[in-house]
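K.L.:
Quick one: the structure is below, and I'll ask about it shortly.
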Amino acid sequence: MSFNVQVTNVNSYLGTTTGREKLCRFVQYFARFYAFYLYRQGAPKDVFERWSELKNHIGNGRKFFRLLKPIEFVQTAVHSLNTDNEIFRLTSIVKHLGNALYYSSEVFVLTTAIGFYKPNNITKIQRFGWKCWFISLFASIMSGLYKYRLLSLRSKMLMKSERQSEHEKDPELDLQEKQLTKAIHSNSYQLLQDLVDIIIPSGNLGWIPADEGVIGIAGVITSLMAMNVQWQKTSK
């Protein structure tokens, strides 16, 4: 790949709001991990606090990107009412309403951070938001596991059809196999991302023994995964 093409791909990626937001998310969680690492290594206070402040400021900056996100998630939840499959319909509604409530709570976290409006119960609001995020990810994981089961059944049926026509190449079966392989990979990728991501709200709430370092690494991993998905969409 030529240098000009690489630069074009980078510009295309950074030209999207999602691309920039995911890059900021990566830096935020890396700073969260590194600040904890420096603290555990006994670094001077001003050194690890520098990275902690970077984490806080980038986190607040990302909240500006997502101020109107609740509207998008509510709309998607409403559209999910038309989904035929009951499991997918229920998990999609829970997932998107959970995200809508989480991002709504983040608005008050942001107004508190910048000193614009400070609710008295901001700690409760923030914890409520983390719970909503956890519920959203849990619903997504349930949906992913259910979809994996359906894809596995389709795969078995396809293999049976291929065995029946093994002496005769069927272009339609080849196409179905490629589509199924792509769907399985996409679903497995999202499922893995959700499983790692759910560590973050669980750790924030104290439901699992995850320190700042573990939460930071989880955020770095899922940020890179999300960046890769966006890169695939924008690169040529």
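K.L.:
With N residues in segment 12-75, what two-decimal value do you get for its Cα radius of gyration over 2.2 N^0.38 Å?
P.N.:
Here the answer is 1.38, to two decimals.
K.L.:
Follow-up question, since we're still on this one. Output the 0 to 90 degree angle, nearest 10, between the alpha-carbon long axis of helix 171-197 and the longest principal axis computed from the alpha carbons of the chain.
P.N.:
Its long axis makes an angle of about 20 degrees.
K.L.:
Oh, and also: Report D for segment 112-208 in µm² per second (integer): Stokes-Einstein, Kirkwood Rh on Cα pairs, 10 °C, 1.306 mPa s.
P.N.:
For these conditions, the coefficient is 95 µm²/s.
K.L.:
Under a point-charge model restricted to the Cβ atoms of Lys and Arg (+1) and Asp and Glu (-1), what is the dipole moment magnitude of the chain relative to its Cα centre, in debye to the nearest 20?
P.N.:
It comes to approximately 540 debye.
K.L.:
At 1.4 Å probe size, with the rest of the protein present, what percent of the exposed accessible area of segment 101-203 is carbon and sulfur atoms?
P.N.:
Here carbon and sulfur together make up 59 percent of the probe-accessible area.
K.L.:
Something else now. Nearest 500 deg cm²/dmol is fine: what mean residue ellipticity at 222 nm does the chain get from its DSSP H runs of n ≥ 4 alone, each adding -39,500 (n - 2.57), divided by its residue count?
P.N.:
-29000 deg cm²/dmol
K.L.:
Say the dipole of segment 56-102 comes from +1 at the beta carbon of Lys and Arg and -1 at that of Asp and Glu; which of Asn56, Ile93, Thr83 then lies farthest toward its positive end?
P.N.:
It is Asn56.
K.L.:
Using a simple spin-label model with points 7 Å from Cα along the Cα→Cβ vector, what separation in nm is obtained for Thr111 and Arg89?
P.N.:
For Thr111 paired with Arg89, the spin-label model returns 3.6 nm.
K.L.:
Just need the Rg to Rh number for the chain, please, alpha carbons only, Kirkwood Rh. Before the final figure, lay out the partial values.
P.N.:
Values: Rg = 21.3 Å, Rh = 20.3 Å.
Radius of gyration relative to Kirkwood radius: 1.05.
K.L.:
So what's the angle, to the nearest 10 degrees on a 0 to 90 scale, between helix 45-65 and the longest Cα principal axis of the chain?
P.N.:
60
K.L.:
So, one more: With every protein chain left in place, what is the accessible area of Asp197 in Å² (1.4 Å probe, nearest 10)?
P.N.:
Counting only protein heavy atoms, the figure is 20 Å².
K.L.:
Determine the equivalent ellipsoid of segment 106-168 by diagonalising the alpha-carbon gyration tensor, then write out the semi-axes as square roots of 5 times the eigenvalues, largest first, rounded to whole Å.
P.N.:
For segment 106-168, the semi-axes come out at 52, 11, 4 Å.
K.L.:
Run down the aspartates and glutamates and flag those whose C-alpha is under 20 Å from the C-alpha of Lys95, throwing out any fewer than 8 positions away in its chain.
P.N.:
Partners within reach: Glu72, Asp84, Glu86, Glu106, Asp194, Asp197.
K.L.:
I want the local charge near Arg66. Using Cβ-Cβ distances under 13 Å, sum +1 for each Lys or Arg and -1 for each Asp or Glu among the other residues.
P.N.:
With Lys, Arg at +1 and Asp, Glu at -1, the neighbours total +3.
K.L.:
What is the distance, in nm, between label points placed 7 Å from the Cα along the Cα-to-Cβ direction at Ser2 and at Tyr189?
P.N.:
If labels sit at Ser2 and Tyr189, their model points lie 2.7 nm apart.
K.L.:
A 20 angstrom limit on the alpha carbon distance is what I want to check against. Which of Lys45/Lys131; Lys156/Lys182; Lys182/Lys233; Lys45/Lys118 exceed it?
P.N.:
Cα-Cα > 20 Å for Lys45/Lys131; Lys45/Lys118; rest within.
K.L.:
Shifting gears a bit: Roughly how many debye, to the nearest 20, is the charge dipole of segment 173-236 about its Cα centre, given +1 on each Lys and Arg Cβ, -1 on each Asp and Glu Cβ, and no other charges?
P.N.:
So the magnitude is around 360 debye.
K.L.:
Additional query: When ligands, DNA and RNA are left out and all protein chains stay put, how many square angstrom of accessible area per residue does the chain have with a 1.4 Å probe?
P.N.:
Per residue, the chain has an accessible area of 62 Å².
K.L.:
In whole Hz, with x marking every Gly and Pro, tabulate ³J(HN,Hα) for segment 131-145 from phi via Karplus 6.51 cos²θ - 1.76 cosθ + 1.60, θ = phi - 60°.
P.N.:
With the stated coefficients, segment 131-145 comes to 5, 5, 5, 4, 4, 4, 5, 4, 5, 5, 5, 4, 5, x, 5 Hz.
K.L.:
Follow-up. Which GluC sites (Glu not before Pro) does segment 107-185 hold that lie in a coil by DSSP with at most 10 other beta carbons within 10 Å?
P.N.:
Answer by residue number: Glu166, Glu168.
K.L.:
Expressed as an acute angle from 0 to 90° and rounded to the nearest 10, what is the orientation of the C-alpha long axis of helix 17-40 relative to the principal long axis of the chain?
P.N.:
Approximately 60 degrees, to the nearest ten.
K.L.:
OK, next. Using a 1.4 angstrom probe and counting only protein chains, how large is the accessible area of Lys233 in Å², to 10?
P.N.:
Its heavy atoms expose roughly 150 Å² to the probe.
K.L.:
Let me ask another. For segment 49-142, take the alpha-carbon Rg, divide it by the Kirkwood Rh, and send me Rg/Rh.
P.N.:
Using Cα coordinates only, the ratio equals 1.06.
The values are calculated or read from the model by the stated rules, or taken from the named source; none is laboratory data. This is a predicted model, so every value here is computed, not measured. Because the Cβ atoms are built from the backbone with ideal geometry, glycine has one as well, and the counts that use them run over all protein chains shown. Ligands, DNA and RNA are stripped out before the accessible areas are found, and what is left, the full protein with its side chains, is counted by its heavy atoms. Shrake-Rupley method; radii C 1.70, N 1.55, O 1.52, S 1.80 Å.
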